[in-house]
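Student: Have a look at the structure that comes next, please.
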Amino acid sequence: MTTDKTTGPAQTTRPTETAQADFARDAGASTAIEFVRDYISRVRGGEVGALPAVLGLVVLVLVFSQASDRFLTVYNLANLVSQAGITVFIAMGLVFVLLLGEIDLAAGTASGVCAGIMGLALVHQGDLQKALGTPVFVTVIVFMLLAIGVAVLSRLWIPAAMVGLGVVMAVLHLFTSSAVGAIYLAVAGGISIGLLTGFLVAWVGIPSFVVTLALFLGWQGVILQMVGDGGAISVRQFDLINGIANKNLAPALGWLFFAVLIGIYTLYTVYRSIQRRGQGLSAEPMVIVLSRAGGLAVIGAIGLFFLNQERSPNPDSTSIKGAPYVLPLIIVFMIGWTLILSKTRFGRYVYAVGGNAEAARRAGVDLRRIRMSAFAIGSGMAALGGVVQASRLGSIPSDAGGGNTLLFAVAAAVIGGTSLFGGKGRARDAVIGGLVIATIPNGLGLLSNLPASTQFVITCLVLLVAASVDALSRKRASASGR
Amino acid sequence: MAGINKSFGPVHVLHDVNFNVYPGEVTALVGDNGAGKTTLVKCVAGIYGIDSGEIRFEGRPVTIHGPRDAAGLGIEVVYQDLALCDNLDIVQNMFLGRELRRGGVLDEGGMERRSRDVLASLSVRTVKSVRQVVSSLSGGQRQTVAIAKSVLWNSKVVLLDEPTAALGVAQTEQVLALVRRLADQGLGVVLISHNMNDVMQVSDRIATLYLGRLAAEVKAKDVTHAQVVELITTGRSGDIGLRPAEAAATTI
């Protein structure tokens, strides 16, 4: 299998053979040049990762900065981040569902329902029973208890406990009048929605497309019932809620957060490289490790520098500077989910089930448990997306999370590099893809001579290009045997 | 295994099958399509329950309710369709379901070294890196990974379902050599195969299933190629195999 036919004389084939086989790539550190060459051959072989999305983002930014002089202003950059918020949060949860090769079409409207729960709890001083009316309130509680039931059935203790805490809070009015408590209620609601969705998919065996299509319609009805036709729940007056998308991290704190993150990242990657080398395993060359950390630091620093500039029209009365709070939130969740996906058994099983569910089952992986947790994470993150959107809009309209919300989130994940066929995807895909998705309407909106019709068509084209890159790299990957 | 019976609804797939596996030997399990080979393996692996009969392991009776029970006893199965995840690399596949952890997180370094050691101990030298994604491997390499996965856990019995079915000549040789090495390391190996050449080449014993009954369990060196084929197709050959009445009853 490894005989090298291109090498001429017999005595020179032997070294080539050992270099090819015998775990040649596994021992010791490779040099930086080897590493770069490996990376290029991986990209050429179809393992493109987030590269197309990053390049796409760069192209979009270049184009828009040429077309409009307002695009690359500090005000617009901060705006862009909070615009991307809802898409990024929903997409991050969707990555888990997509990794299994499933889909959650109801994540958008579910985010609206969860935001609605939060809004009602806040507006009625934490008394959800008064806010919803006793029959609806009892229904909600029964629904959450059912979710706990199916979670226990699948031995999902963490989500069961989280929903349980939510039920206790809702019934006893504990902390539900505080913003944090209300947000927690929204998340608990999201998790119960996800658990029941997952139950229908994993235990009853209905295809996720159909289950979530039905729920997509159902949640629209629920949010309409909560908010009232044409109405809206205003949450602008609650400082913490309003602050998520509209208030900013103080510049000094921003730098501190940035320094801590980059410091930990650099130390960890350097430590890993040294440790692997010590164990006699293949390790990334130190040059690559350091330059990657350096690159991230430079990009982050530039971004933060701009966000920390004064962007208030009259700085004397009100000062607006710093990164919007939603940005560190996104980063924290991205890191958290990345660690869970790459460092834990659960994450490994998510990839395994997405790659070959039957193989995972034979290896003793509980498929129903993994499926249900993916949907629970998906809807829980959607609830947070709903909170972010409520913060941005200052209210929860009766069509919250409807329309294109979910489709944009799916598009974000796919553009970022997550595969709809399962088994391929990372948390960062949602962030990069979400930025691309938010950049298009943001940039086009600044071009006053462009009608809305064009905006849709251009978004369509970007999505098609992203999908083509995914399909072509997949084709390439199977052709090159990667 | 003694007197194993298994039915799927009205279809009686296994009739009082007695089947033995010995350590250090390759036992070939042969039979025509639908003879019950795969069903028998799945009963041992805990994927199907048995209706009646007894499974004894190292002399004591055991019950196997699921794949985990079988694995707990040291019984590993390498399936025909491989059961590897294409999107995971070799290490991830070999440890799937039994990942090593250190302080709650996956111990990648430890798993990587153990995978490499196991592959090396089986004299597998054809993979460039244990961090290669499985979809990038050839059929023979995949089969090798699947087999190596089964010996990673100090298993005592390894069942191989058609390991060479989809392989080329050179790759088949490699896999058969690997099968032989497993037995030489003291494992009980069961080789299910349609290919008589493979069977005659590596096995010590041959058990023939004929329409759900065990026709004969013979030493490989005592029988000829033709006799085995006869056992497979008619259930008997000369004075070995099912009694004529039994064979006739089975046919009806």
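The values are calculated or read from the model by the stated rules, or taken from the named source; none is laboratory data. Owing to the predicted nature of the structure, the values given are computational and were not obtained by experimental measurement. All Cβ positions, even for glycine, are placed from backbone atoms using ideal geometry, and neighbour counts span all protein chains on display.
Student: Going by the conditions given, is A:Ala363 modelled with pLDDT of 90 or more and among the hydrophobic types (A, V, I, L, M, F, W, C)?
Tutor: Taking the combined requirement at face value, the residue does not satisfy it.
Student: Taking the range A:343-355 as the search range and keeping residues that are facing chain B (nearest Cβ under 8 Å) and touching a residue at least 60 places away in the same chain (Cβ under 8 Å), which one is nearest to B:Leu106 (Cα to Cα)?
Tutor: Here the residue is A:Tyr351.
Student: Kindly indicate the residue of the range B:143-166 that is within 14 Å of chain A (Cβ to nearest Cβ) and in a strand (DSSP E or B) and also farthest from B:Gly186 (Cα to Cα) among those meeting that condition.
Tutor: Restricting to residues being within 14 Å of chain A (Cβ to nearest Cβ) and in a strand (DSSP E or B), the top hit is B:Asp161.
Student: Go over the candidates B:Leu122, B:Leu178 one by one and state the one that is within 14 Å of another protein chain (Cβ to nearest Cβ) and in contact (Cβ under 8 Å) with a residue 60 or more places away in the chain.
Tutor: Step by step, each of B:Leu122, B:Leu178 is checked, and only B:Leu122 is within 14 Å of another protein chain (Cβ to nearest Cβ) and in contact (Cβ under 8 Å) with a residue 60 or more places away in the chain.
Student: Is it the case, given these coordinates, that A:Tyr325 is buried (at least 16 other Cβ atoms within 10 Å of the Cβ), hydroxyl-bearing (Ser, Thr, Tyr) and under 30 Å from B:Arg98 (Cα atoms)?
Tutor: no
Student: Could you check, for the range A:156-165, whether at least one of its residues is touching a Pro at 6+ places or on another chain (Cβ under 8 Å) and not hydroxyl-bearing (Ser, Thr, Tyr)?
Tutor: For the range A:156-165, residues touching a Pro at 6+ places or on another chain (Cβ under 8 Å) and not hydroxyl-bearing (Ser, Thr, Tyr): absent.
Student: Of the residues that make up the range B:135-142, is at least one under 30 Å from B:Asp51 (Cβ atoms), out of contact with any helix residue (DSSP H, G or I) (no Cβ under 8 Å at 6 or more places or on another chain) and not in a loop (DSSP other than H, G, I, E, B)?
Tutor: no
Student: Which condition does B:Gly97 not pass, out of (1) at negative phi; (2) facing another protein chain (nearest Cβ under 10 Å), if it passes all the others?
Tutor: Of everything listed in (1) at negative phi; (2) facing another protein chain (nearest Cβ under 10 Å), B:Gly97 misses just condition (1).
Student: Let me ask you something else. Is there any pair with a first residue in the range B:17-45 that is at pLDDT 85 or above and a second that is crowded, with 21+ Cβ neighbours inside 10 Å and part of a loop (DSSP other than H, G, I, E, B) whose Cβ atoms are under 6 Å apart and which are 6 or more apart or on different chains, and what are they?
Tutor: B:Val26/B:Ser203; B:Thr27/B:Val21; B:Ala28/B:Ser203
Student: Continuing with this model, one more query. Within the range A:99-119, can you find the residues that are crowded, with 24+ Cβ neighbours inside 10 Å and either within 11 Å of the chain's Cα centre (by Cα) or outside any helix (DSSP H, G or I) (or both)?
Tutor: Once the filter is applied, which keeps residues that are crowded, with 24+ Cβ neighbours inside 10 Å and either within 11 Å of the chain's Cα centre (by Cα) or outside any helix (DSSP H, G or I) (or both), the range A:99-119 yields A:Leu100, A:Glu102, A:Asp104, A:Ala106.
Student: Yes or no: A:Gly354 touching a helix residue (DSSP H, G or I) at 6+ places or on another chain (Cβ under 7 Å), crowded, with 24+ Cβ neighbours inside 10 Å and within 30 Å of B:Phe95 (Cα to Cα)?
Tutor: So A:Gly354 fits the description; yes.
Student: Something else: Determine, yes or no, whether B:Tyr48 is facing another protein chain (nearest Cβ under 10 Å) and among the aromatic types (Phe, Trp, Tyr).
Tutor: No.
Student: Exactly one condition in (1) closer than 25 Å to A:Ser391 by Cβ; (2) in a helix (DSSP H, G or I) is not met by A:Phe143; state its number.
Tutor: Only one criterion in (1) closer than 25 Å to A:Ser391 by Cβ; (2) in a helix (DSSP H, G or I) is unmet by A:Phe143, namely (1).
Student: OK, next. Check whether at least one residue in the range A:427-442 is buried (at least 23 other Cβ atoms within 10 Å of the Cβ) and among the hydroxyl-bearing types (Ser, Thr, Tyr), and report yes or no.
Tutor: Within the range A:427-442, not a single residue is buried (at least 23 other Cβ atoms within 10 Å of the Cβ) and among the hydroxyl-bearing types (Ser, Thr, Tyr).
Student: I've got another one for you. Given the range B:52-115, what strands (runs of 3 or more DSSP E) lie entirely inside it while holding 2 or more residues that are touching a residue at least 40 places away in the same chain (Cβ under 8 Å)?
Tutor: Output list reads B:52-57, B:75-78.
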